[in-house]
Each structure stands twice: as structure tokens, then as C-alpha cells.
Amino acid sequence: HTSLKKTVRRISTYIEELQREKQLEDDLKIAQAANKAKSTFLSNMSHEIRTPINAVLGFDEMILRETTDPAILGYAQDILNSSKTLLALVNDILDFSKIEAGKMEILPVQYELSSAINDLVNMIQKRAEDKRLALNVHVDKDIPHALFGDEVRLKQCILNILTNAVKYTHAGSVTMNIGYTKKSDDTIALSVQVVDTGIGIKQEDLAKLFTAFERIEEKRNRSIEGTGLGMNIVQQLLSMMGSSLV
């Protein structure tokens with residue numbers, strides 16, 4: 001009788017463990033489904049939101065080209081700046097949701113490095129000038145001009161870092177240094193360094209730098225736009241391209 005009771009207890013305990021494991025598996029499946037639904041929703045909504053924003057940008061550029069009224073020009077420029085900021089936020093959410101859903105692809109092509117650098121300077125120069133910051137660019141004179149990689153994602157990563165440098169620098173300069181290390185006859189390691197005279201990051205905040213939706217020193221930087229996704233996206237894109245931030 002005692003032996004039978006022990007056997008029944010062991011069987012009951014085993015059944016309870018199986019039930020707990022089954023419940024955990026069910027909970028995990030529900031959580032994964034909810035996460036997938038969230039990523040799909042963010043992706044779809046980002047696409048839907050981008051369309052009217054691009055339409056606003058298009059109409060606003062027509063106003064900027066055609067009007068000569070100083071007041072209207074001022075309003076139109078404010079619309080342009082706000083629309084670009086909103087589009088950048090939406091793009092961050094879209095990229096983040098793509099990466100989460102495993103749908104982000106790296107598409108290597110041959111590209112001209114000088115053209116990529118020129119694009120980066122054109123995209124960041126106006127921001128630097130508006131804050132009266134000096135923008136310096138130093139490129140190794142011996143660097144190969146034709147490279148193979150995902151030019152779009154490479155520029156996205158560099159532009160994100162340059163944009164942060166300009167956003168958090170109130171006086172002085174932002175400098176981009178581009179060099180390389182030869183790995184083999186047909187392979188180089190491209191290195192990009194951004195140096196600024198900005199406020200910097202506290203040692204204790206470095207761990208937060210790559211956390212999604214985390215903004216460093218929120219109170220001090222509350223007037224600076226951003227989602228807190230930029231550096232997380234950069235880190236993940238670089239990882240997909242076999243690179244990293246150091």
C-alpha cells in the first residue's frame with residue numbers, strides 16, 4: 001500500500017510537471033505570436049504613414065519653389081523640417097520592425113566610395129551649418145575608390161552616427177575620418193570614425209546606448225528629437241554586414 005501511494009505521488013508530480021511545461025510552451029507561443037503581430041503591425045503602419053508624409057513633402061517643395069512671400073516661405077520651411085523629422089522617426093520604426101521580423105536584407109553591390117561620401121556630406125552639411133558647426137572630412141588618399149557592399153545600409157549607419165554627433169554638439173565641430181586596412185589582395189576593412197566636440201556620454205550610460213527605445217539623459221535631451229532606436233539599428237545592421245562599433 002505504501003509503495004503504491006509513493007508511485008501515485010510520483011506519477012501525479014510527473015503529470016503536474018508535464019502540465020507546467022505545456023503551459024509554458026503555450027504561453028511562449030502566444031508571446032511569439034503577439035510579438036510577430038506587433039512587428040507586422042508596425043511594419044504595415046510605417047508604410048501607410050510614409051505615403052502621406054512623402055505627399056506633404058512633395059506639395060511643400062512646390063510651395064517653396066513657387067512662392068516669394070517671406071511669411072509663406074517661413075511656414076513652408078517649418079513644414080519641411082517637421083515632415084523630415086517625422087519621416088526619419090517612421091523610417092526608424094520600419095527598420096526596427098523589419099529587423100525584428102527577420103525581413104531586413106543586406107544587398108551588396110559595387111559602388112563608388114567618393115560618391116557615398118559626397119552623399120553623406122550633402123545630407124549632413126545643412127544640419128551642421130544651421131548650428132554653426134564646422135564639418136570636417138578626412139579621407140585616406142590611398143583608399144580604393146570602387147568597393148563592394150551594401151552602400152545604402154552603410155550610408156544609413158554612418159549618417160545615423162553623424163546625425164547624432166550634430167544633434168548633441170552645440171558648438172565646435174564634427175569630423176569624419178575614413179581609412180582602411182588591407183586584408184587581402186581584393187579585400188579591405190573600411191573604417192569610419194566620427195569625432196565631435198559635443199556633450200559626450202557618461203560612463204554609466206554607455207550600457208544604454210544600444211537599448212531599443214532607450215534615450216540617454218532624457219531630461220537634459222528632451223528637446224532633441226529621436227526614437228531611441230538609431231544606435232540599436234546601426235549595431236544590428238553592422239552585425240549583419242560582419243562589422244561592429246568600437
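The values are calculated or read from the model by the stated rules, or taken from the named source; none is laboratory data. Keep in mind it's a predicted model, so treat the numbers as computed, not measured. So basically every Cβ, Gly included, is an ideal-geometry build from the backbone, and we count neighbours across all protein chains shown. Areas reflect the complete protein model, heavy atoms only, side chains present, ligands, DNA and RNA absent. Shrake-Rupley method; radii C 1.70, N 1.55, O 1.52, S 1.80 Å.
What the table below lists for this structure:
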item	result
Exclusive hit being β-branched (Val, Ile, Thr), over 27 Å from VAL174 (Cβ atoms), modelled with pLDDT of 90 or more and part of a helix (DSSP H, G or I), set ILE63, ILE117, ILE79	ILE63
Single residue of the range 135-171 satisfying the filter (in a loop (DSSP other than H, G, I, E, B) and over 20 Å from GLY242 (Cβ atoms)) that is least open to solvent (accessible area, probe 1.4 Å)	THR169
Inter-residue pairs, beta-carbon under 6 Å, first among the small types (Gly, Ala, Ser) and in the range 105-118, second open to solvent by less than 50 Å² (accessible area, probe 1.4 Å), 6+ apart	ALA116/GLU151; ALA116/LYS155
Top-ranked residue in the range 87-134 [being open to solvent by 80 Å² or more (accessible area, probe 1.4 Å) and among the aliphatic types (A, V, I, L, M); ranked as farthest from ALA55 (Cα to Cα)]	LEU107
Scope the range 172-190; condition within 24 Å of ALA128 (Cα to Cα) and outside any loop (DSSP other than H, G, I, E, B); matching residues	SER173, VAL174, THR175, MET176, ASN177, ILE178, GLY179
Checklist (1) basic (Lys, Arg); (2) in contact with a Gly (Cβ under 7 Å, 6 or more places away or on another chain); (3) at pLDDT 70 or above applied to LYS208, failing item	(2)
Extreme residue, nearest to THR85 (Cα to Cα), among residues of the range 148-205 that are among the polar types (S, T, N, Q) and touching a strand residue (DSSP E or B) at 6+ places or on another chain (Cβ under 7 Å)	THR169
Qualifying residue in the range 123-133 (condition: within 17 Å of SER191 (Cα to Cα) and either part of a loop (DSSP other than H, G, I, E, B) or in contact (Cβ under 8 Å) with a residue 40 or more places away in the chain (or both))	no
Output for the range 102-122, where each listed residue is more than 16 Å from SER239 (Cα to Cα) and hydrophobic (A, V, I, L, M, F, W, C)	VAL109, LEU113, ALA116, ILE117, LEU120, VAL121
